[in-house]
Amino acid sequence: MPDLTIRLAEPTDAEAIRTIYNVEVLDETSTFDLVPRSLADQEAWLADRSGAFSAIVAVDTSADGADGGTVVGFAALSPYKPRAAYSTTVEDSVYVDRARGGEGIGKLLLTSLIDVATASGFHAVMARIEASGTASRALHARCGFELVGIEREVGRKFNRWLSVAVMQLML
């Protein structure tokens, strides 16, 4: 495994995060977003991430130069639902640069995110994963998440219906 550091995302990470995310928007079903994010969109997304809902990044420091390394993945916690009774439940997001898949970066990000959720006093973490996303489902299962349901054909992307696997981790 390369030299990886997990840290809070900074405004200067917006372009790297946007690059990783937009591959998923344009080419994959891991997000149901259909329109790529602009840099301004990504900066706004990052600005909204603070406190318990902070975004984190995985930085490859093996070729550590003046820039401090290369962002190779990111993760964040988001509110699960807007109603007050859901306030102790969060939803996770984890994205890794496709060129870096299989290196353990996703697991490092997700375990770090679980630590953030635990330290923030949350009770449950939900993951909503496109149902055919076997790698993401396996990652979440390795980190203790259990499948609690399938939402059938709730999204449409690339001219096909997509289902969502809902996984949950009780903290």
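Counting neighbouring beta carbons within 10 Å and listing from fewest to most, the residues I150, I56 come out as I150, I56.
Scanning the chain for chymotrypsin sites (Phe, Trp or Tyr not before Pro) that sit in a DSSP loop and have at most 15 other Cβ atoms within 10 Å, the longest stretch containing none of them is 33-157. The P(r) of the stretch 26-86 has a tail past 17 Å containing 62 percent of all C-alpha pairs. By the helix-only formula, in which each DSSP H run with n ≥ 4 contributes -39500 (n - 2.57) and the sum is divided by residues, the chain has a 222 nm mean residue ellipticity of -8500 deg cm²/dmol. Charge dipole (Cα centre; +1 on Lys/Arg Cβ, -1 on Asp/Glu Cβ; no other charges) of the chain amounts to roughly 700 debye. Set the Cα radius of gyration of the chain against 2.2 N^0.38 Å, with N its number of residues, and you get 1.01. Mean separation of Cα pairs under 8 Å and 6+ residues apart, divided by the residue count of the chain: what relative contact order is that in percent? This gives 19 percent for the chain.
No value in this document is a laboratory result; all are computed from the given coordinates. The shown structure was predicted, so the numbers you read here are calculated from the model rather than taken from an experiment. Counting neighbours? That spans all protein chains shown, and the Cβs are built from the backbone with ideal geometry, glycine included.
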